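The next block holds one structure in the form of structure tokens; read it before the comments.
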Ligand SMILES: *Cc1c(COP(=O)(O)O)cnc(C)c1O
């Protein structure tokens, strides 16, 4: 979901951006009006996150998943043994491990696979090999619906966080991370691009084989304009950030997000009909996952939900059940409508 006021504005100024008589997708990425959009987007991101000055903000192609390759290409050479540590907490974490494998010695530091990814594993700081090039975590697990509430202590080893499904949904201390990345399409804008935040001392250590467009140092040097980026994606992200600022910023949207998630989790907790996938202390505020007693009831639930205007609730194939994604653009009323539907469905089918 994207905020409706953003989409209305995109529509209104699509044929004639800023009185230029051309669309934002027609002007050159080197035109000063577009450079102003890139600069405006990064500075607004900095403002909204309180990002320390020693971090760069980049826009890169290929969405979230391309970063599963870009991260090892840029960082794994930091350790002579090319060792990196990954925490496996769900589908995207597992894919990140798979995609990093060609570039070095990829170790699974901890995994919750054995318990069906129902939790975030506890990390013993002493278990972190200080020779590793980085530690990778997925801060919010989109498919199973879990999240890290506190981030692991990794000493001098940089922590890398995939924040694709929760960026700007809660206040996060970015100084805890060496690198944060997020595909735009869940909380920031259209699909196909990603935003990367990197501590500047980590730039310039990429493996020699790293393609130019995946090399964070080149992208940083070129102000994210090394080649023609998806100008439309950056422009929409800029509008989404302006919208977020109007909502009161990250702390304000976090309060709404807490309320939204609680509205749905409260129904699960008060019921013996619905069963949450994730242990309560590890629950995501962006992706609420739960099961119904059987497949037949699940089918009925999803069909009725569709009729009630509640869409995209089918769980990911590995998990089954229901997944309600309640990203920043979802208003509280959306979560309330789902909660009301769940209660009524349980009353009539439970
Ligand atoms: C959606 C998602 C991705 C994949 O993003 P793409 O842009 O489709 O490559 C990666 N990580 C997480 C946590 C996600 O939720």
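Report, please, the projected area of the stretch 36-139 averaged over directions, based on the convex hull of its C-alpha atoms, in nm². Mean shadow area of the hull around the Cα atoms is 8.3 nm². Which FRET efficiency value, to the nearest 0.05, is calculated for residue 200 and residue 271 with the Förster distance at 45 angstrom and r the Cβ-Cβ distance? Given R0 = 45 Å and the Cβ-Cβ separation, E is 0.35.
To one decimal place, what Kirkwood hydrodynamic radius in Å is obtained for the stretch 1-95 from all pairs of distinct Cα atoms? Let's see the in-between values first.
Values: mean 1/r = 0.0583 Å⁻¹.
Hydrodynamic radius (Kirkwood, Cα only) of the stretch 1-95 equals 17.2 Å.
Placing one identical point scatterer on every Cα of the stretch 181-246 and ignoring solvent, what is log10 I(q)/I(0) from the Debye formula at q = 0.16, 0.24 Å⁻¹? With one equal scatterer per Cα and no solvent, log10 I(q)/I(0) is -0.61, -1.10. Looking at the stretch 250-349, the pairs of alpha carbons with a distance over 16 Å make up 52% of the total. Each of 228, 139 was scored by other Cβ atoms within 10 Å of its Cβ. Arranged with the fewest first, they read 228, 139.
For the chain, the relative contact order works out to 21 percent when only alpha carbon pairs closer than 8 Å and six or more residues apart are counted. DSSP bridge analysis restricted to the chain gives an antiparallel fraction near 60%, rounded to the nearest 5. Just round it to a whole percent: the fraction of Cα-Cα distances in the stretch 139-271 exceeding 18 Å. Summing the P(r) of the stretch 139-271 above 18 Å gives 64 percent of all pairs.
Built from the Cα atoms of the chain, the convex hull projects on average onto 17.8 nm², one quarter of its surface area. Using the Cβ-Cβ distance between residue 22 and residue 316 with R0 set to 45 Å, the FRET efficiency from 1/(1 + (r/R0)^6) comes to roughly 0.65.
The distance between label points at residue 95 and residue 126 comes to 3.7 nm (points 7 Å beyond Cα on the Cα→Cβ vector). Gyration tensor over the Cα atoms of the stretch 77-219: the corresponding equivalent ellipsoid has semi-axes (square roots of 5 times the eigenvalues, largest first) of 22, 20, 15 Å. R0 = 56 Å: FRET efficiency of residue 344 with residue 209, Cβ-based, nearest 0.05? My answer for the efficiency is 0.50. The order of 296, 346, going from fewest to most other C-beta atoms within 10 Å of their C-beta, is 296, 346.
Computed over the stretch 91-171, the Cα gyration tensor eigenvalues convert (square root of 5λ each) into semi-axes of 19, 15, 14 Å, ordered from largest to smallest.
Residue order for 319, 197, fewest other beta carbons within 10 angstrom first, comes to 319, 197.
Read-outs: derived from the displayed coordinates by stated rules, not from any lab. Values in this document were obtained by computation on a predicted structure and should not be read as measured data. Don't worry about glycine lacking a Cβ; one is built from the backbone with ideal geometry, like all the others, and counts go over all protein chains shown.
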